[in-house]
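Just below is one structure, and these are the notes that go with it.
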Amino acid sequence: MLNAGRFFRRHHFYKAALIAALIPLPLWAAPLPDNAKVDVEFELPKIDTSMYARPYVAVWIEDDQRKAVKTIQLWVGKDEWLKDLRTWWRKIGRYDRELVDAVTSATRPAGQYRFVWDGKNDEGQRLEQGNYTLHVEVVREHGGRNYLRQKMQLADREVRYQIKPTEETGMITVNYQVK
């Protein structure tokens, strides 16, 4: 004869197992491969004008929920001018003083630049495979303002994106590599 306590536990176990089998498991995204990186080739064109000033530049990554996950580059002359990078400032800069101090570097003259993002967020954790957006904001005193976005799918295969030149940027090439 089966005692009532054992029957109840066994019945509960089978009921829980049946419910678990019927509920679909969440699909957990795999992390980006360990060797994955985003290689960005970036140009600041030479602009002939008597009032030329080096531009302020912000480059960052957002996930598919539009949450900023990594500021890759931030070129600014003085902190008081950070607000001129309006989009970056409103989303990230005004909320995270430590991040600003950690990533800010001097403005750069016209020329070709290259930088690499290792697929980690601002806290140093590897991100999951998925859809991301690269943001590039370039602002020049006595000049123009350009805000560019490139959606990217980062997974286990390589992909290349190109962003057309603007008045403040040359061609921007984005290479996602997994080798």
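Bear in mind these aren't lab numbers, they're just calculated from the coordinates by the rules spelled out. Every value quoted in this text rests on a predicted model; they were computed, and no experiment measured them. Heads up, the Cβs are rebuilt from the backbone with ideal geometry, glycines too, and the neighbour counts pull from every protein chain shown.
Defining a contact as two alpha carbons under 8 Å apart and six or more residues distant in sequence, what relative contact order in percent does the range 41-154 show? Show your work: numbers first, answer last.
On the way: 199 pairs, mean separation 40.7, N = 114.
Dividing the mean separation by the residue count of the range 41-154 yields 36 percent.
In what sequence, highest mean first, do 152-163, 80-91, 136-147 appear when ranked by Cβ atoms within 10 angstrom? Spell out each step's value before the answer.
Working: 152-163: 14.1, 80-91: 16.7, 136-147: 18.2.
Going from most to least packed, we get 136-147, 80-91, 152-163.
Order 42-49, 58-65 from most to least packed using the mean count of other Cβ atoms within 10 Å. Before the final figure, lay out each step's value.
Values: 42-49: 13.9, 58-65: 19.1.
The densest-packed peptide leads the list: 58-65, 42-49.
Sorted from fewest to most neighbouring beta carbons within 10 Å, what does the list Val178, Val38 look like? Spell out each step's value before the answer.
Numbers: Val178 16, Val38 23.
In order of increasing Cβ crowding within 10 Å: Val178, Val38.
Can you tell me the dipole magnitude for the range 37-177 around its Cα centre, using point charges on the Cβ only (Lys, Arg +1; Asp, Glu -1), in Debye to the nearest 20?
In total the dipole reaches around 240 debye.
How much length is gained on full extension from Tyr52 to Gln150, taking 0.36 nm per residue of separation minus their Cα-Cα distance?
Numbers: separation 98, 0.36 × 98 = 35.28 nm, distance 2.73 nm.
Length gained, Tyr52 through Gln150: 32.5 nm.
At what distance in angstrom do the alpha carbon centres of the range 65-80 and the range 93-172 lie from each other?
Cα centroid of the range 65-80 versus Cα centroid of the range 93-172: 8 Å apart.
For an R0 of 22 angstrom, estimate the FRET efficiency from the Cβ-Cβ distance between Thr107 and Gln177 and round to the nearest 0.05.
On the way: r = 28 Å, r/R0 = 1.28.
Once rounded, the FRET efficiency stands at 0.20.
Past the 26 Å Cα-Cα mark, which pairs from Lys70/Lys179; Lys37/Lys91; Lys91/Lys120; Lys46/Lys70; Lys91/Lys164; Lys70/Lys151?
Values: Lys70/Lys179 22 Å; Lys37/Lys91 24 Å; Lys91/Lys120 19 Å; Lys46/Lys70 28 Å; Lys91/Lys164 24 Å; Lys70/Lys151 15 Å.
Where the Cα-Cα span goes over 26 Å, the pairs concerned are Lys46/Lys70.
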